[in-house]
Amino acid sequence: MNILLLFRPSILFEGIYHALASEFPQVHFQLHDVNKPISIDKDQTYDYIMVDYDKLENGNDYVKQWHSEGQQLILWIDQPSQKKWNSLKNINLVGYLHPKMSQEEMFSGMHHILKGRTFVTPLLCRDLLQLLMQAKNRNPETLPRLTKREWDVYKLLVDGFSNEEIADELNLSPATIKNYISSILKQIEAKDRTNAVLIALKNRWYVL
């Protein structure tokens, strides 16, 4: 498996590169300076392209081109904006990562991605959801028939809260929260918590 890393030169991303190479020895990671001209050899195939999106000049053009070529894209984004979201919302990204995420979360996210799943770091969930709520084309008729308490739990889940943190926030027991989340996942036909977040983002639901 080959993954192209397009990062700006920095101690942070050098560390990320070496950490990923150590955690996933079966994967060949190729590091490229995102500030230099990017030319992907057609004879060289990559299973994923991981991009420091905030530092990529003409990033939208590159991302759209790679998407049209069927490339699987993983983006590092620090501060999502409406402009960025408008450019990315119709592109099927497999990973949304944040420079301040922990190493353990990065490894967990990459394990999800390499298994064919999509991963969104909780550090970006709140911002992405707010951008979706600001979008003009919303369709409330697609909202699932959750109870108010289930919406309360769902919103905190999307915000990246753990079961214990949700329980503390709502003054309920962790066992009760677990039951609520199981009910939510069943009603929206989500495989897991990450999938539940992605479903909310994809459908532009208000999570009130």
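Just so it is clear, none of the values below were taken in a lab; they were calculated from the coordinates. As the structure is a prediction and not an experimental result, all values here were calculated from the model. Here the Cβ positions follow ideal geometry from the backbone for every residue, glycine too, while neighbour counts run over all protein chains shown.
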Completion exercise
Per DSSP, the loop-located GluC sites (Glu not before Pro) within region 155-208 having at most 12 other beta carbons within 10 Å are Glu189
Practice task
Would you work out the charge dipole size for region 136-203 about its Cα centre, treating the Cβ of every Lys and Arg as +1 and the Cβ of every Asp and Glu as -1, and quote it to the nearest 20 debye?
Solution key: 380 debye
Handout entry: Whole-Hz couplings from phi, Karplus 6.51/-1.76/1.60, listed for region 156-161; x for Gly and Pro
Key = 5, 4, 5, 6, x, 6
Completion exercise
Amide H neighbours of Gln72 at under 5 Å, excluding residues fewer than 5 places away on the same chain, with H built from the backbone geometry, are Ile49
Practice task
Could you go through region 95-102 in sequence order and give the Karplus-derived ³J(HN,Hα) for each residue, using 6.51 cos²θ - 1.76 cosθ + 1.60 with θ = phi - 60°, rounded to whole Hz, and x for Gly and Pro?
Solution key: x, 10, 10, 10, x, 9, 5, 6
Completion exercise
Under 5 Å from the placed amide H of Val34, counting only residues 5+ away or on other chains, we find Phe7, Arg8
Practice task
Would you mind getting me the FRET efficiency between Ser22 and Lys178? Use the beta-carbon distance for r and R0 = 41 Å, nearest 0.05.
Solution key: 0.75
Practice task
Starting at the first residue of region 65-79, write each ³J(HN,Hα) from the Karplus equation 6.51 cos²θ - 1.76 cosθ + 1.60 with θ = phi - 60°, in whole Hz, x for Gly and Pro.
Solution key: 5, 4, 4, 5, 8, x, 6, 8, 10, 10, 10, 9, 10, 8, 10
